[in-house]
Amino acid sequence: MVYFIVKRMIQSVFVMLAVAFLAFSLFRFVGDPITQMTGVETSVADQERLREELGLNDPFVSQFIRFTGDMLQGDFGYSYRTRQPVADMITERVPATLELGVVALIISLLVGVPAGVYTALKPRGIWTQTILMTTLVGVSIPTFVIGIMLIFLFGVQLGWLPTFGRGGTVQIGNWESSLFTISGWRALLLPAITLGVYQLTLTMRLVRAEMMEVMRSDYIRFAMARGVPMRKLHYKHALVNTMVPVITIIGLQFGGVIAFSIVTESVFQWPGMGLLFLESIRFVDIPVMGVYLVVIAFFFVLVNLVVDLLYVAIDPRLRLRDVE
Amino acid sequence: MKILKLVFIGGAMSLTAFSASAETFRWASNTDPQTMDPHAVNSAPVLSFLNNIYEGLVRRNQGMSIEGSLAQSWEPLTNENGWRFNLREGVTFQDGSLFNSEDVMFSYERASSEAADVRSWFAPVKEVRVLDDYTIDFVTNAPNPLFPDSIANFMILDKGWAEANGAELPARDAENFATINVNGTGPFTVASRDPGIKTVLAPNAGWWGAAEHNITEAIFTPIGNAATGLAALLSGEIDFIQPIPLQDVAQVEGRNGFKVLEGEETRVIMFGFGHEHKELLYSSDVTGANPFQDVRVRQAAAHAIDIASIDRVLFRGKIDGASQLVPAGISGYSEANSTRSAYDPERAKALLTEAGYPNGFSFGLKCPNDRYINDEALCRAAASMFAAVGLNAELSTGPVRDYWPQLREDAFDMYLLGWSPGTFDMEHPIRFLLSTPNSEKKLGSWNFGGYSNQRVDALLPSIQQEIDPAKRQAMVDEVVAITQAEAAYIPLYTQPLIWAAKDNIDLTQRADNFFMLRWVTVN
């Protein structure tokens, strides 16, 4: 097991290097940071001097080596835009993004799994059809449109929930959390729903399909014949067996939720990493963009690892194989 | 009906939620000031924000004219070129230390250092001399009547504070103390700052001036997404936002309790040509020649533009056509040349025929799509107007972060540019847009097309140095007349300035798009 984790960690370093390389080779096409850093009245000579100082005239390969070399030594550099240390800027923004992503995931599971089971057990019910239709609509509308619609309905028209920001936050060590205040939760609700809609639909459809499959299998029929109570049958025997593919997809999707929270964060001015990344693109803030992409790659690797470990926890067959 | 009722309830709820602290003023803008250091970045969001906290020797009033701030008065030096500033006595910084000429000297050295982005303001300065605690001389290389106007955003730091905190120079690569902390003499101070998220300002109790505002706390939030910003205003979470998109004006005006503030920025939007290009880069039918080098072709392009239609269709009647590179009201504006070239497609076709292009030709038009209001739509409209006279523009648009580098690399046949004169004087665009590019003399650095006219080049130093306003204006008039006759650029219109606020907020909309908290009243 330890060997497995260590192997994965070593792999992750290569993944991050590859991402950093790809990102770096694209940055040249994003634009020129110097024109964004200086005012209109700055002379061309001063611009060139700054370009030289920042090493932007160096060949691509040496810029990349310097970037990765510094990162391996724990030096994440300074933002071109704010001159702050990039490591601080990103770590300050991580809690907001993670809390948003996790709450979105929880909402999608809390609603998606029961809805999936229900629609699988009563495939012809009127409620099933309604739920399927609604989620189909929900998943077809782009995230930012859903966000704007929710803002205008609950924020502007009804005035129930805030339209932007994180609300009240509590500092716990280095972690700035909005999960411990009422206003924090009020602010979290709309962005979490927006971010979770796609995930929710996916979970529901997956659980539904798997559940319908499992319900047809022999062991369920035998269990039914033996008179196992329906409730126990559905939730203990059937549902658990649907969970392996569900966890795979949901787990992999969670990496995407974190990475693609950019749109949701922008619509709700949610001060997470995605918003920081978006601001950095606008400003051609290469150090922040580079570190962000590497951190996201790391998240993906980490999520994949957790998914693999969860398999083992859920599926006894995998545990047995490990012992052999 | 139901919706109307909901609106009413929403409005009532937000009123009860925020009326408890009536003098807390919340505002939003699309950009966070990237630093709190007044010398590190020469950009409008930073300088506008910091003008609430720091002060210069002089400042601009609501009507944009110069008035005393940390200097009470100033006069030209008598036996050499330059200006003497008599400083205000008894002014303290927000940490309590006394302001004097040493701070000005220190700030000058800091702001003109290589690490400062604002150092171009001090290019004409030869020497700065402290005479006593409250008198300081700025000696210039040549007579410089505009110098006090040009340093309105030169903000003064406390020498002792900067030195004690290792902020002697503006941060270039890494942050320093002054990047996030402030110590100015201005009407407001920063109570807390979370970069990119929230900045809270509080009035400076020890400010030397008489407060005209009634704010006890001001909270700034950057909101990048325009729709989110509008929702934040309409839901009552913020009191004021700058700017709002043109298409949202009707929605704000249609609601009770909100108002739109409209004005004109000092920015003129224009088309520029690749004057010095030997041939068109993006033409499918002309090779080996650049028709835009012919003045008749440039005039034809100018006559093809129907500014009234652009105004009606794209700008809801909110723009005025421009005749020159600065709008009326800016000092040096040439009244004598205030008619813009008329919309006359027949004349345009005739000029093209005369120039040897009876069937027109195709060329490349470059435009940004996130820099000016409706920039992309403007270029589409202009391209169809050009096409009507036979000028077939191949339009390509892109984000501004990639746009300036392309213009610097001469990758255009025609391009869009907006220019706001930083000194609020016509000399500014002459220096940056009309002078023959010369990096040594720091001239023409935004003259991407390389427009060059010897007479204009010769007049610029005289304009910069002439003390007599009438003589100076005559020279400016000549420059404007030359560049109009040569159609050096096609000035289009002055960009509108559109802000929105709750009805109970009084504020001043200054033409430089700066927002000053000291003119805000919450009723």
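The table for this structure:
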{"item": "Within region A:1-96, chymotrypsin sites (Phe, Trp or Tyr not before Pro) in DSSP loop having at most 10 other beta-carbon neighbours inside 10 Å", "result": "A:Phe29"}
{"item": "For B:Phe25, distant residues with modelled amide H under 5 Å away", "result": "B:Thr216, B:Glu217, B:Ala218, B:Ile219"}
{"item": "Residue-by-residue Karplus 3J(HN,Hα) for region B:220-231, coefficients 6.51, -1.76, 1.60, Hz, glycine and proline x", "result": "9, 10, x, 10, x, 8, 4, 5, 5, x, 5, 4"}
{"item": "DSSP bridge pairs, the protein assembly as shown: antiparallel proportion in percent, nearest 5", "result": "75 percent"}
{"item": "Hydrodynamic radius of region A:30-88 per Kirkwood, over alpha carbon pairs, in Å", "result": "12.7 Å"}
{"item": "Debye log10 I(q)/I(0) at q = 0.06, 0.09 Å⁻¹ for chain B, Cα point scatterers", "result": "-0.32, -0.72"}
{"item": "Cα centroid separation - region B:320-378 against region B:169-228, whole Å", "result": "40 Å"}
{"item": "Derived scalar couplings ³J(HN,Hα) [region B:125-132; Karplus, 6.51 cos²θ - 1.76 cosθ + 1.60; whole Hz; x for Gly, Pro]", "result": "8, 8, 7, 10, 10, 8, 8, 8"}
{"item": "Members of B:Lys126/B:Lys442; A:Lys122/A:Lys236; B:Lys278/B:Lys471; B:Lys442/B:Lys471; B:Lys441/B:Lys471; B:Lys366/B:Lys502 lying beyond 28 Å, as alpha-carbon distances in this model show", "result": "B:Lys278/B:Lys471; B:Lys366/B:Lys502"}
{"item": "Average partner coverage of A:72-84, which counts Cβ from other chains inside 10 Å", "result": "4"}
{"item": "Where chymotrypsin sites (Phe, Trp or Tyr not before Pro) fall in DSSP loop in region A:169-219, at most 16 other Cβ within 10 Å", "result": "A:Phe180"}
{"item": "Principal axes of region A:88-282: Cα extent on each, largest first, Å", "result": "60, 37, 32"}
{"item": "Inter-chain Cβ neighbour average for residues B:388-400, partner chain, 10 Å", "result": "1"}
{"item": "Semi-axes of the equivalent ellipsoid for the protein assembly as shown, Cα gyration tensor, largest first, Å", "result": "53, 33, 28"}
{"item": "Value of [θ]222 nm, deg cm²/dmol, for chain B, DSSP H segments ≥ 4, -39500 (n - 2.57) each, nearest 500", "result": "-8000 deg cm²/dmol"}
{"item": "Other-chain or far-sequence residues with amide H under 5 Å of B:Glu264's (modelled H)", "result": "B:Leu497"}
{"item": "Helical segments meeting 24 Å axial Cα length and Kyte-Doolittle 1.6 threshold in chain A (DSSP H)", "result": "A:2-27, A:239-259, A:286-314"}
{"item": "Region B:366-418: chymotrypsin sites (Phe, Trp or Tyr not before Pro) in DSSP loop, at most 12 other beta carbons within 10 Å", "result": "none"}
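Where a number appears in this text, it was derived from the coordinates with a stated rule and is not lab data. Please read all numbers here as calculations on a predicted model, not as lab measurements. Don't worry about glycine lacking a Cβ; one is built from the backbone with ideal geometry, like all the others, and counts go over all protein chains shown.
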